[in-house]
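Encoded as C-alpha cells, the structure appears first; notes follow it.
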C-alpha cells in the first residue's frame, strides 16, 4: 500500500505534522517507538492551554484527536531502514511488512547524553533539567545549580539567576576568563571549581573533597544526537551546534533530500513542546503542498 506520507515519530512534532495532512484527507502512517524525550518529567510547562499537565496526557490527547481522522494509521514499532524508490520511499519496520510513501517526515526526536556522574541520570526530568523556561518557575526562587559541560554552559548560568540563587559547577569542563568571571559576578552566580563526584538524596551534590551542596533544582546542558540513524543513511545534511547535531532544514522544514522533511527537537537546537508543535505543523503543511505542486 502506498501512503501519501509516512511520519517517523509520534510525539508532539509528529502528531502536529499529521494533523494538517489528516485534515487534507491524505493517507498517512505514523510509526512510533513510544520514547518521548520528556517521558521522565511529571509536568510540562510553557505550552498554552496545557501548562502544568502531564506530558503523557498531552501526547495521549493529541494522538486521540489525530486518530479520529479516518485516513490516519498508527503503527507502534521501530523504523530500521529507509530507501528511495521510483515513487518515493520504502520504510523497513522491525517485525512488520515494509511500507511505502510519496513523502517522509522525520520527527523522532533526540537522545540526551548526560555527564557520567553517579545519580545524575536517575534524577533526569524530576530534579535535573535542561530548560529553565520549562522547569525554572516551580523551583520558587530556590537553590539552583548548573553542571558545566562546555564553555557554552555560561549561557545557562547567566540565565538562571532569574529563577533562583545559582551556583555554576565548572566540573573541569572549562575555566572562565576574566570577562566571563565579571559577567557571572554581575549576575550573582556563585562559582564552584571542585568536581562533582555524585548526586545523592533529594538533590545533594557530593563534591570530590567531600563537601555536600544541597539544591532544589539542577540544570545540565546535555549533548544531543538525533535518535534515529535513518536521516543520515538517506543522505540528509546536518548542522553541528554547541550541544550536538540536528538535521538541517529550510524555513518550511524541508531537508536537503527532496521529499523529506524533519521537525521537532531533531531539527531544532533547543527543543520544547510548543516549538515542536509549531515545527510539526509547518512540516505537515509543507509535505502536503509538495504533493500538489512538486513532482517526485
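Structure values in brief
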quantity: Residue list for the stretch 155-183, filter: surrounded by fewer than 19 Cβ atoms within 10 Å (Cβ to Cβ), under 25 Å from the mean Cα position of the chain (by Cα) and not in a loop (DSSP other than H, G, I, E, B); calculated: 155, 158, 159, 161, 162
quantity: Which numbered condition residue 240 misses (of (1) under 30 Å from residue 89 (Cβ atoms); (2) surrounded by fewer than 17 Cβ atoms within 10 Å (Cβ to Cβ); (3) modelled with pLDDT of 95 or more); calculated: (3)
quantity: Top-ranked residue in the stretch 26-72 [being within 16 Å of residue 108 (Cα to Cα) and part of a loop (DSSP other than H, G, I, E, B); ranked as modelled with the highest pLDDT]; calculated: 33
quantity: Selected residue (criterion: nearest to residue 122 (Cα to Cα)) from residues of the stretch 184-194 that are in a loop (DSSP other than H, G, I, E, B) and in contact with a strand residue (DSSP E or B) (Cβ under 7 Å, 6 or more places away or on another chain); calculated: 194
quantity: Count of the stretch 246-294 residues which are surrounded by fewer than 24 Cβ atoms within 10 Å (Cβ to Cβ), more than 13 Å from the chain's Cα centre (by Cα), on the phi < 0 side of the Ramachandran plot and in contact (Cβ under 8 Å) with a residue 60 or more places away in the chain; calculated: 6
quantity: Wholly within the stretch 90-154, strands (runs of 3 or more DSSP E) carrying at least 1 residues that are modelled with pLDDT under 95; calculated: 110-113
quantity: From 201, 235, 188, residue being in the same structural domain as residue 267 (by TED's automatic domain parsing) and modelled with pLDDT of 95 or more; calculated: 235
quantity: Neighbours by Cβ (under 7 Å, 6+ apart or cross-chain): first from the stretch 59-76, assigned by TED's automatic domain parsing to the domain that holds residue 35; second modelled with pLDDT of 95 or more and loosely packed, with under 13 Cβ neighbours inside 10 Å; calculated: 71/25
quantity: Number of the condition not met by residue 268 [criteria: (1) in the same structural domain as residue 135 (by TED's automatic domain parsing); (2) in contact with a helix residue (DSSP H, G or I) (Cβ under 7 Å, 6 or more places away or on another chain)]; calculated: (1)
quantity: Yes/no for residue 210 being at pLDDT 95 or above, part of a loop (DSSP other than H, G, I, E, B) and either over 25 Å from residue 117 (Cα atoms) or not assigned by TED's automatic domain parsing to the domain that holds residue 138 (or both); calculated: no
quantity: Count - residues of the stretch 69-103 that are in contact with a helix residue (DSSP H, G or I) (Cβ under 9 Å, 6 or more places away or on another chain) and within 24 Å of residue 38 (Cβ to Cβ); calculated: 3
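The values are calculated or read from the model by the stated rules, or taken from the named source; none is laboratory data. Keep in mind it's a predicted model, so treat the numbers as computed, not measured. Because the Cβ atoms are built from the backbone with ideal geometry, glycine has one as well, and the counts that use them run over all protein chains shown.
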